[in-house]
């Protein structure tokens, strides 16, 4: 690029970057998957694995603790129930004992009393006992001769009634005498007792052949709502008679006792006989009523007493002792035990929900669970912190690695710049600077600008587009266009703008330069020269700029040295625009008309109008660059070229071609440049091409040269016309010309004529062709190429 | 994704190729190729040259030593990374390497389409540009078997220089090729070297590369006694 180019002069070069690319590559071979797997293991699996272990341990310990506590609670419950059971046994025993012991005492007293005082002893004993022992209801005394005596409480529970079974006038009667508790007789009566025989009553018959106390089945008195049972003892009196002494004891008091008894918080107790009939327990009267006052029917109903019924079943299957079971999703514990000193086969059954005893264990478990929950939450938070910390460390390590790589990258870039030959030579292009700037800062585009005319304008020395991998430059902008940016550069401060379109200093620059690429971020680094600011480094969309300030400064300094050199080389020419230099216009004075133009065969002037020609045949002939050594060879070559040109002129005239243009090592022969379609044009050009080929081959062979030419032929529409002042030059443009050139460029070997499909279609009846195959070219699409061999 | 900016591009560090697998002499091969270098390796046997190129690509098992490309040891990479790394090598080989199930244009662009996310238009435009450079009137779309030998050779050049290969393994494309291929070939090599690619040019005789003598970094000979550097005048 010329240092003193004025106006807009753009060049593009296809220099490739020094970097190996590639953000475009999909797989980065330097990144191994193992690392990421290890990272995942380290970052996630390890902390959360440890957390799960902690949670699992807590859960296991909690479960174990719960189980041990529960086992302890169950044992404690059983012990408690056992204690309660012993207590109740004692209570029951105490309750019944007066009947059992009373029988023994009374029998002893009566047995040894003389016959005359037997009645008095019985009455005295009975009265005393009834007064002092509330659960005792009455006493009987009978003998084998059918005598019967009874002492009982009054119907209201106070006073006493003494009844004797007597025969008056052959009639059996009850002689009832009523006494107060103090022994004062208040009255008497006789009631009929026909048919009564005490020896047939159960309390009497049960004692036959028995020497110990016998118990009858409990029986109910609906009138007095009493639930009573009788114990009786047979003994021999001193007078030789056999007596049976019986005591009635009320079970109501026992039920009341059990009713008030608390087992745990909500548990209770019941006494059953060996056949499962209820002897005493809670709500005994309601049960008796429900059973129709029939003690035989007072069995445990699973509907009203589900827990006792289930407990009794367990007892029947498993025997005495504590048993646990679950009923309606609730756990119960029951204990069944025999009652000593009681009637034969009585069972005490206790039941209570486990919760009554184990509720504290449950609370303890819940608390443990809550503590475990808190620990887990803390563990989670700690694990989260750990993960965060590890990831942060990893990120920092990565950043350090990246920084290391960045430094290596920068060093490599500096080395690359340093090893560039003619780095400070102003005539050499400073391509390496912009390339390295773009690569290191990761900028979309990096450019170096130089101030001109004492700061009146700025010119782009070089601009490198990293994505397109192209260099451009030469565009110049004046202070009036970019006022704000100039001030900013001249101030010497670095300018970093995240969005150039919205900053008033850079709006114009964005509109004129950046919008074309669609970049937004702008970084401007002024370049300091010995006499002040000489230019600026401009980076667009440079994400890495904040991290590589040192590198950019270094590059700016190198660019500064170059710019100073460039300015000195340009000298005073740059102090003012060319059109203001005195005498400059003289340079632009009209020159003498050139003696030659580039037409070997001129187009007929005035005969043809400019415009689109529907059927133009274009033949492009290219020659390889000649290699000459010495003046003799040069002359010989020029003679040869002249001969070839003359031949071309001759053949063109013979074939009636429209024009032949020469440009460097190319010749363009054209025919059919008329507004009307000319079907013969292609035939004439093809003939001319074949003739020229023969002629060239012969001429080159005579000069001992290889066939260093190639021909391309196309046929189709093109547009053209005469351009310039007289003598005007005819020129032709269009796809037909481009394709003909492409055909000439892409021949397989020297001396061949390559044609397009259109030519083949037009000429295949007249000429011989060899297919080369189908090819695709951008903007042109698919097409076949043929080699024109000969006429048919 | 720049992997390496300093150090050798290709390094054969006492690499002893497996004789059974390659037919190369089981001797230690040592060579360093720096970015921008162009090394000529003379090998009389075409098959041996191909095997040597395979060795550079990490396709030949080693008995000892290591072959590193861009600082990465072929033996230490997994398949995915191996393939990606090989995608950075441009290769011309005497071994038949054109797939019959694809047309030539696909075979040429396949490597770039597979390894990069470049837009199709861009890849096609580059292929067409290279096709033009190597004397094709465009991108050939016929099956490779229907192209002439010379055009297939040109297509091979296009394929090798597609993308920005970091290493070029060229098994003497100029042998029995038209004269006009020489300049585009040397121009493409020079351009590739300018942007930091390393070139290993395998030749059968010394006539082919004499025109480019000044551009050659070093000359080696691959024979029965292994890989030996030859001093050049």
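The values are calculated or read from the model by the stated rules, or taken from the named source; none is laboratory data. Keep in mind the model is a prediction, meaning the values are calculated, not measured. Glycine gets a Cβ as well: all are built from the backbone with ideal geometry, and neighbour counts include every protein chain shown.
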task = Report whether or not residue A:505 is in the same structural domain as residue A:493 (by TED's automatic domain parsing) and surrounded by 15 or more Cβ atoms within 10 Å (Cβ to Cβ).
result = yes
note = Considering the stretch A:218-232, residues that are touching a helix residue (DSSP H, G or I) at 6+ places or on another chain (Cβ under 6 Å) and more than 16 Å from residue A:289 (Cβ to Cβ), and then whichever is surrounded by the most Cβ atoms within 10 Å (Cβ to Cβ), we arrive at A:232
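Go through the stretch B:134-149 and report how many residues are in a helix (DSSP H, G or I) and within 7 Å of chain A (Cβ to nearest Cβ). Talk me through it step by step, then tell me what you get.
Applying the first criterion (in a helix (DSSP H, G or I)) to the stretch B:134-149 yields B:144-146, B:149.
Applying the additional criterion that residues be within 7 Å of chain A (Cβ to nearest Cβ) yields B:146.
Matching residues across the stretch B:134-149 total 1.
Right, residue A:211: under 27 Å from residue A:346 (Cβ atoms) and outside the structural domain of residue A:295 (by TED's automatic domain parsing) or not?
Numbers: under 27 Å from residue A:346 (Cβ atoms): yes; outside the structural domain of residue A:295 (by TED's automatic domain parsing): yes.
The answer is yes for residue A:211.
Which of the residues that make up the stretch A:139-163 are touching a residue at least 40 places away in the same chain (Cβ under 8 Å) and surrounded by fewer than 21 Cβ atoms within 10 Å (Cβ to Cβ)? Walk me through how you get there before you give the answer.
Residues of the stretch A:139-163 touching a residue at least 40 places away in the same chain (Cβ under 8 Å): A:139-148, A:152, A:155.
Those that are touching a residue at least 40 places away in the same chain (Cβ under 8 Å) and surrounded by fewer than 21 Cβ atoms within 10 Å (Cβ to Cβ): A:143, A:144, A:145, A:146, A:147, A:152, A:155.
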task = Tally the residues that are surrounded by fewer than 20 Cβ atoms within 10 Å (Cβ to Cβ) and within 14 Å of chain A (Cβ to nearest Cβ), restricting the search to the stretch B:197-225.
result = 1
query = Any idea which of (1) within 14 Å of chain A (Cβ to nearest Cβ); (2) at pLDDT 90 or above is the one residue B:12 doesn't satisfy?
reply = (1)
ask   = What strands (runs of 3 or more DSSP E) completely inside the stretch A:700-792 contain at least 3 residues that are away from every other protein chain (no Cβ under 11 Å)?
value = A:709-723, A:729-733, A:767-777, A:781-791
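Could you look through the stretch B:104-121, keep only residues that are facing another protein chain (nearest Cβ under 9 Å) and more than 10 Å from residue B:162 (Cα to Cα), and pick out the one that is surrounded by the most Cβ atoms within 10 Å (Cβ to Cβ)?
Step one: of the stretch B:104-121, the residues facing another protein chain (nearest Cβ under 9 Å) are B:104-105, B:112, B:114-118, B:121.
Then drop every residue that is not more than 10 Å from residue B:162 (Cα to Cα), which leaves B:104-105, B:114-118, B:121.
Numbers: B:104: 31, B:105: 23, B:114: 11, B:115: 20, B:116: 20, B:117: 11, B:118: 17, B:121: 9.
Ranking the candidates gives B:104 first.
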Residues of the stretch A:445-468 classified as part of a loop (DSSP other than H, G, I, E, B) and modelled with pLDDT of 75 or more, total = 3
note = Restricting attention to the stretch B:40-93, the residues that are within 23 Å of residue B:112 (Cβ to Cβ), within 16 Å of the chain's Cα centre (by Cα) and either surrounded by fewer than 18 Cβ atoms within 10 Å (Cβ to Cβ) or free of Cβ contacts under 8 Å to residues at least 12 places away in the same chain (or both) number exactly 2
Any hit, the stretch B:170-178, residues being within 7 Å of chain A (Cβ to nearest Cβ), more than 21 Å from residue A:773 (Cα to Cα) and at pLDDT 90 or above = no
query = Does residue A:590 meet the test of being outside the structural domain of residue A:479 (by TED's automatic domain parsing), modelled with pLDDT under 80 and more than 30 Å from residue A:672 (Cα to Cα)?
reply = yes
message = Condition first: part of a loop (DSSP other than H, G, I, E, B), surrounded by 19 or more Cβ atoms within 10 Å (Cβ to Cβ) and in contact with a helix residue (DSSP H, G or I) (Cβ under 6 Å, 6 or more places away or on another chain). Can you find one or more residues in the stretch A:299-309 that meet it?
response = yes
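Take residue A:564 and tell me if it is farther than 18 Å from residue A:462 by Cβ, touching a strand residue (DSSP E or B) at 6+ places or on another chain (Cβ under 8 Å) and either modelled with pLDDT under 85 or surrounded by 15 or more Cβ atoms within 10 Å (Cβ to Cβ) (or both).
Details: farther than 18 Å from residue A:462 by Cβ: no; touching a strand residue (DSSP E or B) at 6+ places or on another chain (Cβ under 8 Å): yes; either modelled with pLDDT under 85 or surrounded by 15 or more Cβ atoms within 10 Å (Cβ to Cβ) (or both): yes.
No, not satisfied.
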inquiry  = Any residue at all in the stretch B:24-35 that's out of contact with any helix residue (DSSP H, G or I) (no Cβ under 7 Å at 6 or more places or on another chain), within 13 Å of chain A (Cβ to nearest Cβ) and touching a residue at least 60 places away in the same chain (Cβ under 8 Å)?
reply    = yes
key: Lone qualifier among B:156, B:131 - being touching a strand residue (DSSP E or B) at 6+ places or on another chain (Cβ under 8 Å), at the interface with another protein chain (Cβ under 10 Å from one of its Cβ atoms) and buried (at least 21 other Cβ atoms within 10 Å of the Cβ)   = B:131
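Among A:390, A:414, which is closer than 19 Å to residue A:537 by Cβ and at pLDDT 80 or above?
That would be A:414, the only listed residue that is closer than 19 Å to residue A:537 by Cβ and at pLDDT 80 or above.
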query = Could you count how many residues in the stretch A:385-416 are touching a residue at least 40 places away in the same chain (Cβ under 8 Å) and closer than 18 Å to residue A:48 by Cβ?
reply = 5
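Look at the stretch A:530-542 and say how many of its residues are touching a helix residue (DSSP H, G or I) at 6+ places or on another chain (Cβ under 7 Å) and farther than 13 Å from residue A:554 by Cα. Reasoning before the result, please.
Taking the stretch A:530-542 as the starting set, the residues that turn out to be touching a helix residue (DSSP H, G or I) at 6+ places or on another chain (Cβ under 7 Å) are A:530, A:533-537, A:539-540, A:542.
With the extra rule that they be farther than 13 Å from residue A:554 by Cα, the set shrinks to A:530, A:533-535, A:539-540, A:542.
Here the count works out to 7.
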ask   = Out of the residues in the stretch B:159-169 that are more than 11 Å from chain A (Cβ to nearest Cβ) and not in a helix (DSSP H, G or I), which is farthest from the chain's Cα centre (by Cα)?
value = B:162
ask   = Out of (1) within 14 Å of chain B (Cβ to nearest Cβ); (2) within 28 Å of residue A:507 (Cβ to Cβ); (3) outside any strand (DSSP E or B), the odd one out for residue A:407 is which?
value = (2)
inquiry  = With within 17 Å of residue A:537 (Cβ to Cβ) and out of contact with any helix residue (DSSP H, G or I) (no Cβ under 7 Å at 6 or more places or on another chain) as the only criterion, which of A:441, A:480, A:519, A:506 stands out?
reply    = A:519
remark   = Apart from one, (1) within 14 Å of chain B (Cβ to nearest Cβ); (2) modelled with pLDDT of 80 or more all hold for residue A:18; the odd one out is (2)
